Amino acid sequence: STFGKISNLTISNTGQAYILDKGTQTIVHKLDALGKPIDSFNLGIIEPIDIGISNNGYIYTIESTYVDNAYKGIVKKWSTSGQLMLSWNTEAVANKLAITNDNRLVVALKDRINIFSEQGLLLKEIKGYIKPNFPNQTKPFTYISRLAISTNNELLVLNSDTQLITINLEGKLLQPIITNNENSIGLGTYSNLAYDAQGFIYDAQFSLGADSTSSCHCIRQFNSQGKFIKKLGGLGSKK
């Protein structure tokens, strides 16, 4: 089969890829670790924003809906065969989704992070980050545009496209904040963030500017402190 319009993907703990393909219908394609198609299923005429898979094999998507004169988010839980099992609303639009290694759902809203159980129970709300020297003060998030989670449940939050913040699930700051500069990750809404099993950070850059000298179209690798290591890919030669 061929892809229509790939909008997002996630990798399971066994190395299988789940690709979110949004056309007139939304299809999830399942591929093995070598890229061979295994299965696919149709989610219908919806437009999920993000997709994730838990360590116990359930698929989760987030989407937006208009209810009571306001946009809200919807979290949906699917079986591995594409059967809808559960859904619940969030009080604001959900931007990004991550899943902890013990299968809790981490959902980034505009200015906060909600942590849910597998059954949709709200367990915790993180409205900002807490600096070690100021344990009684919470610095509010401004706008969360990207989110990633490590294997030891550290959260990487891109706040207002200028601050890269590493926190634990209690909201405590774990690393110095990385601010936007040419060697750091916080470079605009085109970035997509991910951790690997060793703790390295990756982002996908479509373009960093209008001219070819500042454009990237690449994947960049950083260490856990945000120091640039290398770039994979680049601009092609075709117009």
Where only protein heavy atoms count, and the probe is 1.4 Å, what is the accessible area per residue for the chain in Å²? 53
Taking the Cα centre of the chain as origin, work out the dipole magnitude from +1 charges on Lys and Arg Cβ and -1 charges on Asp and Glu Cβ, in debye rounded to 20. 360
Can you put Leu122, Leu34, Leu169 in order of accessible area, largest first, using a 1.4 Å probe? Leu34, Leu122, Leu169
First obtain the Kirkwood hydrodynamic radius of segment 1-83 from its Cα pairs, then insert it into the Stokes-Einstein equation at 20 °C and 1.002 mPa s, and state the resulting D in µm² per second as a whole number. 163
Calculated FRET efficiency, Gln137 and Phe200, Cβ-Cβ r, R0 41 Å, to nearest 0.05? 0.85
Per residue, how big is the convex hull around the C-alpha atoms of segment 63-122? Give it to me in cubic angstrom, could you? 86
Ranking Ala108, Gly23, Leu173 by how far each Cα lies towards the positive end of the charge dipole of the chain (+1 on Lys and Arg Cβ, -1 on Asp and Glu Cβ), the top one is Leu173
In debye, nearest 20, what is the charge dipole magnitude of segment 60-175 about its Cα centre with +1 on Lys and Arg Cβ and -1 on Asp and Glu Cβ, if you could check? 160
Please work out how much length the chain gains when fully extended from Trp88 to Lys5, using 0.36 nm per residue of separation minus the C-alpha to C-alpha distance, in nm with one decimal. 27.3 nm
How large, in percent, is the carbon and sulfur part of the accessible surface of the chain at a probe radius of 1.4 Å? 50
Pick out, from Ala148, Leu122, Thr162, the residue whose Cα sits farthest towards the positive end of the charge dipole of segment 110-167, with +1 on the Cβ of Lys and Arg and -1 on the Cβ of Asp and Glu. Thr162
Starting with the highest mean, order 65-74, 48-57 by the number of other Cβ atoms within 10 Å, averaged over the residues of each peptide. 48-57, 65-74
Charges on Cβ only, +1 for Lys and Arg, -1 for Asp and Glu, centred on the Cα centroid of the chain; of Gln225, Gly57, Thr2, which one is farthest towards the dipole's positive end? Gln225
List the pairs from Lys172/Lys231; Lys22/Lys227; Lys5/Lys76; Lys77/Lys127 whose alpha-carbon separation is above 27 Å, in the order I gave them. Lys172/Lys231; Lys22/Lys227
Can you pull out the GluC sites (Glu not before Pro) in segment 26-124 whose DSSP state is coil and whose Cβ has at most 16 other Cβ atoms within 10 Å? Glu91
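The values are calculated or read from the model by the stated rules, or taken from the named source; none is laboratory data. Since we're looking at a predicted model, the values are computed, not measured. Please note: Cβ atoms are built from the backbone with ideal geometry, for glycine as well, and neighbour counts cover all protein chains shown. Quick note on the areas: whole protein, heavy atoms, side chains included, nothing else; ligands and nucleic acids left out. Shrake-Rupley method; radii C 1.70, N 1.55, O 1.52, S 1.80 Å.
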